[in-house]
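Peer 1: Can you read through this structure? Questions will come right after.
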Amino acid sequence: MSTHDLKAWFVREVLPLEASLVQYLRTAWRAGDDVADLRQDVYVRVFESAGKQLPQSPKPFVFAIARNLVIDRLRRNRIVPI
């Protein structure tokens, strides 16, 4: 898939999910200041993964990545520096 086709897919399939994605991230991640950064990280992961193989169902794919990213950040924040 060309970069142009991937970008078109992203705009068509992923960007319309932005409002519900932001709402999900605000609910899952209480630190509201980080929501924009989380959204951007989700978009990067979605774009990179879709570049390898397009998902059959974009919405569950996007939200699975968002959920995993939140879980990763929670784990990272639990690590106590010595």
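Peer 1: With the dipole of the chain worked out from charges on the C-beta (+1 for Lys and Arg, -1 for Asp and Glu) around the Cα centre, which of 42, 70, 8 lies farthest toward the positive end?
Peer 2: About the Cα centre, the residue reaching furthest to the positive side is 70.
Peer 1: Another one. How big is the dipole moment of the chain about its Cα centre under a simple scheme where the beta carbon of each Lys and Arg is +1, that of each Asp and Glu is -1, and everything else is neutral? Debye, nearest 20, please.
Peer 2: Roughly 280 debye for the chain.
Peer 1: Counting only protein heavy atoms, what percent of the accessible surface of the chain is carbon or sulfur at a 1.4 Å probe? Before the final figure, lay out each step's value.
Peer 2: Values: 2980 of 5740 Å².
Roughly 52 percent of what the probe reaches on the chain is carbon or sulfur.
Peer 1: Just to confirm the number: angle between the C-alpha axis of helix 58-78 and the first principal axis of the chain, 0 to 90 degrees, nearest 10?
Peer 2: 20
Peer 1: Right, next: Efficiency by 1/(1 + (r/R0)^6): what FRET value for residue 79 and residue 44, r their Cβ-Cβ distance, R0 = 25 Å, to the nearest 0.05?
Peer 2: The computed FRET efficiency comes out at 0.65.
Peer 1: Measuring from the lowest to the highest alpha carbon on each principal axis, how far does the chain reach, largest first, in angstroms?
Peer 2: 46, 26, 19
Peer 1: Return one whole number: the accessible area per residue of the chain in Å², for a 1.4 Å probe. Each step should come with its number before you reach the end.
Peer 2: On the way: 5740 Å² over 82 residues.
Heavy-atom accessible area per residue stands at 70 Å².
Peer 1: Calculate, in nm to one decimal, what residue 54 and residue 20 gain on full extension: separation in residues at 0.36 nm each, minus their alpha carbon distance.
Peer 2: 10.2 nm
Peer 1: Give me the one-decimal nm value for the distance between modelled label points at residue 6 and residue 72, 7 Å along each residue's Cα-to-Cβ direction.
Peer 2: Simple spin-label model gives 1.7 nm for this pair.
The values are calculated or read from the model by the stated rules, or taken from the named source; none is laboratory data. Treat the numbers as computed from the prediction; the structure is a model and nothing was measured. Glycine gets a Cβ as well: all are built from the backbone with ideal geometry, and neighbour counts include every protein chain shown. The accessibility values were calculated without ligands, DNA or RNA, using every heavy atom of the protein model including side chains. Shrake-Rupley method; radii C 1.70, N 1.55, O 1.52, S 1.80 Å.
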